[in-house]
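Trainee: First the structure, which I've put down as structure tokens, then a few questions once you've had a look.
The values are calculated or read from the model by the stated rules, or taken from the named source; none is laboratory data. Keep in mind it's a predicted model, so treat the numbers as computed, not measured. Here the Cβ positions follow ideal geometry from the backbone for every residue, glycine too, while neighbour counts run over all protein chains shown. Heavy atoms of the whole protein, side chains included, go into the accessibility calculation; ligands, DNA and RNA do not. Shrake-Rupley method; radii C 1.70, N 1.55, O 1.52, S 1.80 Å.
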Amino acid sequence: MRNLKLLNTLQCKSAQGMGIPQCSCVRTDTGTVFIGSNYGFVELDPNTEQILTDVSLTSESYLPEDGSGQVVGIQDVPDQQSLCLATATGDVILCNLNTGQLECVGSVDSGIAAMSWSPDQELVLLVTGQQTLILMTKDFEPISEIPIHQEDFGEGKFITVGWGKKETQFHGSEGKQAAQRKVLSVQPALPWDDQKARITWRGDGQLFAVSTVCPQTGSRKIRVWNRELSLQSTSEPVDGLEQSLCWKPSGSLIASTQSKPNKHDVIFFEKNGLVHGEFTLPFGKGEVQVKELLWNSDSTVLAVWLQDIEKDGTQPHTYVQLWVVGNYHWYLKQYLHFGNNEDSKVVSLTWDPEISYRLHVVCVGWQYFQYDWCWNTDRSSGQSPGSQADVAVIDGDKVLVTSFAQSVVPPPMYTFHMQFPHAVNEVSFHTDPEKSRDLAVLDNGDAVYIFKYGVDAAKESVVKIVGGNGFKVSTSTPVLEKEFRLHVPSDNLQPLYFHHLTWVTDDTFLIISQSKSSSQSAVYHITIPSENGQIINPRQGGIVNGRIITMCYSTKTKTCALQTADGQVWKYFWESQTPGPEPWKDDIGQDVKFNQPCIQTEITTIDGEEVVLGITERSRLFINNLVVATNITSFAIYDDFLLLTTHSHTCRCVSLKETSLKALETILSNTSTSNDETIRKVERGSRVVTVVPQDTKVILQMPRGNLETIHHRALVLAQIRKWLDSLQFKGAFECMRKLRINLNLIYDHNPKVFLDNVDTFVKQIDSVNYINLFLTELKEEDVTKTMYPSHTATPSPSLQTSTAKKIDVVCDAIRGAMEKLNPQKYFLSILTSYVRKTTPELETALQKVHELRGKGLNFVNPPSKEALKYLLFLVDVNELYDYSLGTYDFDLVIMVAEKSQKDPKEYLPFLNTLRKMESNYQRYTIDKHLKRYKKALGHLSKCGPEHFVEFLNLVKDQNLYTEALKLYPVGSTEYKSINDAYGDHLYSKHQYEQAGLIFARCGSLEKALEAFVACSSWQQILCIASQLQYSEDKMASLARSVAGKLVEKRMHENAALLLEQYAEDYEEAILLLLEGSFWEEALRLIHKYKRLDILETNVKPAITEAQKNHMIFLDSQKTTFARHKQRLSVVRELKEKARQGLLDDEMPGGPESDLFSDTSSIMTTSEMSGKYSHSNSRISSRTSKNRRKAERKKHSLKEGSPLEDVALVEALGEIVRTVDKMRTEVNSLLKVLVLFGYDTEARQLQKAYHEFLQFIEVSISEIWIPLDQSNTTPVLGPHSTANSIMTSYQQQKNIKSTEQDSELFTAPKLCKATQWKLELLD
């Protein structure tokens, strides 16, 4: 589906050499061209039109001075910096290109007919005048010489096994007469054959073929030889075989030509000499002769050099045709007509050996032409619904058009074709998206044909519709509206003088041509004439410095971009009164210049900036000056999407909306993710042909030529979103169903719009099956955030905060619409909406079916049996049976049971038993059977007191105490019984306080007292004891017992209160207060009961002892704190050095770690980690508090342990929290010390505590370093060792393993607001 498009052309006619050109070759390292003539050779620089070297071969007598000499071969030899020439007289000459010195390296007395070098330039082959082959090395040392004409077939001779005879074989349509037909002798070579030998090498240089005229028969034969000059095969006799010969570089076929009785063919031989395929040239027999055939270096284009056969003394015309093959069909892509002027007669045609699509042409009059080609897909760019997605393919004098919107027709077939009087060289579609189907055609005679849709057809239309009698194509075809010819200057003999035809407006074209200077290009403006058949002069616009190779146009911005051969991009102001180019600027003001010239360019908008996209032959994709990808094989712009195919066999579809160049570069450089909708795998070598507008089809072409249609997920989703935005639910649904897109997108795309237009949705879908399919696919997941994320999709704000579930909302909305429109038609869908809710409303659905059944059999849309059958399809039959039983409707139960596989012997006795029961007890039995115990409890409570024992048993069995209490009035006997049972249940669960409350509420005071005693709730104990009217002695005994339990729990103040007020033992109470350090409360009781003697006997000794204990504790904690802090700094320093690789032989395993090897150290660390993880697995059932404690046990304070630093931080934090909590306690002790005159001891305590707190405040910032300040990145580099890397990784692992315990890395907060100091002690 691609055409050969002319990138640029270069003409040199000012450089003139001596004599007549005869042959040429290309110097690959400089790009210059060597042209051999009958006097010598010249080196031509096409860019400057200067002759760099002019060497005469007549001065050394290698060629005669009368001009009758001939150069039969010329070859550049880069390794020797020389040029090798062979003359017809037999001399092989080597010219040093640096010095210009000529050296005759060999001579053949019989003369040389042809010379050819192998592709690797290791061998030289000569055909002598005596019809022998001489094979030499690159140093011209002879290897072998052998005659060309040999009777033997060659080493590859076919073996006949003797199966059958010719007379017994099947001869097809020729009949039996073919068996007796005599083999006619091969006719001699054609009269216009030059009788010269032709040599061609296979691309790998292992074989070569020679075509010569057989002296016995006079006909041509092709022989294949190997590098050792051993004959491999001889071609089968071919009548009319001509002189041209060229081996396809890829090695598969040898091309030649054959003149047949009724046509002229290019035929192909295999290396075994058998004919394998052909195609026909567009000429009659005897009209032209084929001078040469030439394959380009990548075997994709076959150049055919032809010349008219001279008749009646007329000057022959010369032609060059470029043929390509696709899907086994040969297309004539370009036709160069050089006219019949003697000076324009082609004498040499050569493909460039380095640049595959560069063609060099040398004419008799020393005119030199250089043509650069590229592949291009000519497609319509329209995006309107009426666009047909046309793709035009050039095939000689026909343009084959395929409308992919109508049908995907594989080449070489097509939708319709247009026949022209001359060969077509270029096709251009209208750039206006609304008129993109219109196209213009430029032929090799510089005639322009304009075809449009929707206009009256001409009387003689050149549009031919493919198909036979009675076959009609169901697509509209264009008609020829205008035809005119472009005037070409008479002094210009260049074929394809005009190129890059671009249709910018309805009546204006832009076209490119070389300026008077070969280094400049001119842009011409063409205005469509009002009448047909006119010859018009294009108006010259701007002149561009450089040869223009691409031109693209944007209809949206009316911008035209030109690219010259050096990669420079120009903005051409074609609408200006003085049209001219200016350098294209990017957003920062820099000139846009591609590092390499691009063969295809497009204009688009990215992030509000108009940019130029370009792709090179080497698969580099440019956007302005930025290379965004290096593996792109083709690209196309459709709407807001950029479609790309890559060498990694993927097709990417990237949105250009709301993106930037950097983001685009990042997207193209990253690999795909699981839900990446922008990328999909395609067949190897796929290229984008076109995108069908208003559809989801992307047409790809494979290397062989066949087509594939894919539906790229990104385009599919974009099109679906457009349909949903325009409320085209039917189109979106059908597309999603066909391409397996999750139907939740219909709702999730815009929930508010969907719910507002749910009636429209039901009307458009209008299918019960489709609505059921939509409902069954519903799920709570928002697919716009998971499966199909989109930057443009914005959910409805009003529904984001809604508490209703999505499935319920959609089911209710659709059910409401269906019931309003036609409940009978959508009855099955209504049932689906009930079943699909998050809590299926099966009872309602069953009731609907039951109501339908009650209306009689005349109601058949749908009948109740079908409805029930459908319901059984949605729901498990056993589940549906249970739900029907839960409706307490036995008719409905039987209806469901009849449709199930249940045995009537199973369910009928059960149903009969139920029918005999009282209504409430019947429902209780059903609910209990269905395990709906709450409902069963409600029904059983209505059955009377005789069933209360059963009720209470059910409550106990199913733990339904709360629900049971709601069913009986407060104060009733049943209510008390339920409470009593509830309290026993809580007591058994060790929830003593709650059990005591329940017992107290229902009047079971003894049980309540027992429960409160169990939980030491002393206030409730005293209250209950009071209600039980305990005596004073019994109350005192109870108080002493409870006080003992409170002391065990270190609740001294509460215990003292009980002893003082209820046991009346104030002395014991005072002692408990002193024991618990409640000094002030103890003093209150001492003074209350006038027991001042206790001050001396108990209080003063207690406070002095407390002061000493505090001093000892603070000193111990301070010492431990300082030691841990110092060790922490050492450990952190060691770990930092290890992380930096400074401790190559140290692991964090302790001082003895240097005794172990690297491996053992690593294993030791691994084993430690494994030990900790194993021990942790044993405590999974503990409480979270105990679990945290157990986790911290692995933080060992042993020096050298892996997590020593973490353990130190943990220990330091514990000290800080313990000391900080002592503020109130110290304050109370200080006050009582001062009260009794112990000022010295008080000052010591206050000073020690104050200094410790200050020390803690200063140390906090040193101990607790924020996590982001500590570098946990593993150290890697040339100076790291195995130990240092392992240490770093282990440190990172250890830190990650403790990140969950935030207390370890968060500094404790000090209670500075608590005023504990006494100023009188300062």
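Trainee: With the requirement that a residue be open to solvent by 30 Å² or more (accessible area, probe 1.4 Å), farther than 18 Å from Cys23 by Cα and not charged (D, E, K, R), what does segment 98-116 give you?
Mentor: Across segment 98-116, the qualifying residues are Asn98, Thr99, Gly100, Gln101, Leu102, Cys104, Val105, Ser107, Ser110.
Trainee: Give me the residue from segment 599-623 that is at pLDDT 90 or above and in a loop (DSSP other than H, G, I, E, B) and, out of that set, surrounded by the most Cβ atoms within 10 Å (Cβ to Cβ).
Mentor: Taking the candidates together, the pick is Ile599.
Trainee: Also, I was wondering about something else. Count, please, the residues in segment 844-886 that happen to be part of a loop (DSSP other than H, G, I, E, B) and at pLDDT below 75.
Mentor: 9
Trainee: Could you grab the pairs with beta carbons closer than 8 Å, sequence gap of 6+ or different chains, first residue in segment 1047-1058 and on the phi < 0 side of the Ramachandran plot, second one loosely packed, with under 14 Cβ neighbours inside 10 Å and not β-branched (Val, Ile, Thr)?
Mentor: Note: pairs meeting the criteria are Ala1055/Gly1044.
Trainee: Also: On the basis of being aromatic (Phe, Trp, Tyr) and either buried (at least 21 other Cβ atoms within 10 Å of the Cβ) or in contact with a Ser or Thr (Cβ under 7 Å, 6 or more places away or on another chain) (or both), does Tyr747 make the cut?
Mentor: yes
Trainee: Within segment 990-999, does at least one residue satisfy the condition of being aliphatic (A, V, I, L, M), without any contact (Cβ under 8 Å) to a residue 24 or more places away in the chain and outside any helix (DSSP H, G or I)?
Mentor: No, every residue in segment 990-999 fails to be aliphatic (A, V, I, L, M), without any contact (Cβ under 8 Å) to a residue 24 or more places away in the chain and outside any helix (DSSP H, G or I).
To keep it simple, each residue is scored yes or no on (1) under 21 Å from Leu643 (Cβ atoms); (2) in a loop (DSSP other than H, G, I, E, B).
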| position | (1), (2) |
| --- | --- |
| Ile710 | yes, no |
| Leu717 | yes, no |
| Phe733 | no, no |
| Ile741 | yes, yes |
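Trainee: Moving on. Look through Lys333, Lys345, Lys311 and report the one residue that is in contact with a strand residue (DSSP E or B) (Cβ under 6 Å, 6 or more places away or on another chain) and more than 20 Å from Gln22 (Cα to Cα).
Mentor: Step by step, each of Lys333, Lys345, Lys311 is checked, and only Lys333 is in contact with a strand residue (DSSP E or B) (Cβ under 6 Å, 6 or more places away or on another chain) and more than 20 Å from Gln22 (Cα to Cα).
Trainee: Could you please find all residues in segment 579-598 being crowded, with 19+ Cβ neighbours inside 10 Å and aliphatic (A, V, I, L, M)?
Mentor: Of everything in segment 579-598, just one residue is crowded, with 19+ Cβ neighbours inside 10 Å and aliphatic (A, V, I, L, M), namely Val592.
Trainee: Return yes when Glu310 is free of Cβ contacts under 8 Å to residues at least 40 places away in the same chain, surrounded by fewer than 17 Cβ atoms within 10 Å (Cβ to Cβ), not in a strand (DSSP E or B) and not small (Gly, Ala, Ser) and no when it is not.
Mentor: Yes, satisfied.
Trainee: Is it fair to say Gly17 is touching a residue at least 40 places away in the same chain (Cβ under 8 Å), part of a loop (DSSP other than H, G, I, E, B), open to solvent by less than 40 Å² (accessible area, probe 1.4 Å) and in contact with a strand residue (DSSP E or B) (Cβ under 7 Å, 6 or more places away or on another chain)?
Mentor: yes
Trainee: A further question follows. Can you spot a residue in segment 677-691 that is open to solvent by less than 50 Å² (accessible area, probe 1.4 Å), more than 25 Å from Ser380 (Cα to Cα) and in contact with a Lys or Arg (Cβ under 9 Å, 6 or more places away or on another chain)?
Mentor: Yes; the residues of segment 677-691 include at least one that is open to solvent by less than 50 Å² (accessible area, probe 1.4 Å), more than 25 Å from Ser380 (Cα to Cα) and in contact with a Lys or Arg (Cβ under 9 Å, 6 or more places away or on another chain).
Trainee: Identify, from the list Asp29, Asp76, the residue that is open to solvent by 30 Å² or more (accessible area, probe 1.4 Å), farther than 21 Å from Ser344 by Cβ and acidic (Asp, Glu).
Mentor: Matching residue, one of Asp29, Asp76: Asp29.
Trainee: Across segment 480-494, what is the total count of residues that are open to solvent by less than 20 Å² (accessible area, probe 1.4 Å) and under 25 Å from His417 (Cα atoms)?
Mentor: Within segment 480-494, residues that are open to solvent by less than 20 Å² (accessible area, probe 1.4 Å) and under 25 Å from His417 (Cα atoms) number 2.
Trainee: Related question: Kindly indicate which of Glu1068, Glu1006, Glu1053 is of a type in the set (Asp, Glu) and farther than 21 Å from Arg1091 by Cβ.
Mentor: Matching residue, one of Glu1068, Glu1006, Glu1053: Glu1006.
Trainee: Name the residues in segment 947-978 that are open to solvent by less than 30 Å² (accessible area, probe 1.4 Å), under 60 Å from the mean Cα position of the chain (by Cα) and either among the hydroxyl-bearing types (Ser, Thr, Tyr) or farther than 29 Å from Asp882 by Cβ (or both), would you?
Mentor: Selection gives Tyr961 alone.
Trainee: Pick from segment 274-307 the residues that are in contact (Cβ under 8 Å) with a residue 24 or more places away in the chain and open to solvent by 50 Å² or more (accessible area, probe 1.4 Å): which of them is nearest to Thr28 (Cα to Cα)?
Mentor: By that ranking, first place goes to Ser297.
Trainee: To continue, here is another question. Only one residue in Ser521, Ser517, Ser554, Ser530 is open to solvent by less than 60 Å² (accessible area, probe 1.4 Å) and over 17 Å from Lys571 (Cα atoms). Which one?
Mentor: Going through Ser521, Ser517, Ser554, Ser530 in turn, the sole match is Ser517.
Trainee: If we keep just the residues of segment 191-209 that are over 22 Å from Val71 (Cα atoms) and open to solvent by 30 Å² or more (accessible area, probe 1.4 Å), which is modelled with the lowest pLDDT?
Mentor: Pro191
Trainee: Working only within segment 1252-1267, note down all residues that are out of contact with any helix residue (DSSP H, G or I) (no Cβ under 8 Å at 6 or more places or on another chain) and assigned to a helix (DSSP H, G or I).
Mentor: Gln1254, Glu1257, Val1258, Ser1261
Trainee: Of the conditions (1) surrounded by 17 or more Cβ atoms within 10 Å (Cβ to Cβ); (2) at positive phi, Ser61 satisfies every one except a single condition; which number is it?
Mentor: (1)
Trainee: Now a separate question. Taking Tyr335, is it in contact (Cβ under 8 Å) with a residue 60 or more places away in the chain, open to solvent by 20 Å² or more (accessible area, probe 1.4 Å) and part of a strand (DSSP E or B)?
Mentor: Judged against the criteria, Tyr335 is a match.
Trainee: Additional query: Anything in segment 901-946 that is open to solvent by less than 50 Å² (accessible area, probe 1.4 Å), part of a helix (DSSP H, G or I) and over 27 Å from Lys869 (Cβ atoms)? List them, or say none.
Mentor: Across segment 901-946, the qualifying residues are Asn920, Gln922, Tyr924, Thr925, Asp927, Ala936, Leu937, Gly938, His939, Leu940, Ser941.
Trainee: What's the number of the only condition in (1) under 30 Å from Phe420 (Cβ atoms); (2) of a type outside the set (Phe, Trp, Tyr); (3) more than 49 Å from the chain's Cα centre (by Cα); (4) buried (at least 21 other Cβ atoms within 10 Å of the Cβ) that Thr212 fails to meet?
Mentor: Tallying (1) under 30 Å from Phe420 (Cβ atoms); (2) of a type outside the set (Phe, Trp, Tyr); (3) more than 49 Å from the chain's Cα centre (by Cα); (4) buried (at least 21 other Cβ atoms within 10 Å of the Cβ), Thr212 fails exactly one: (1).
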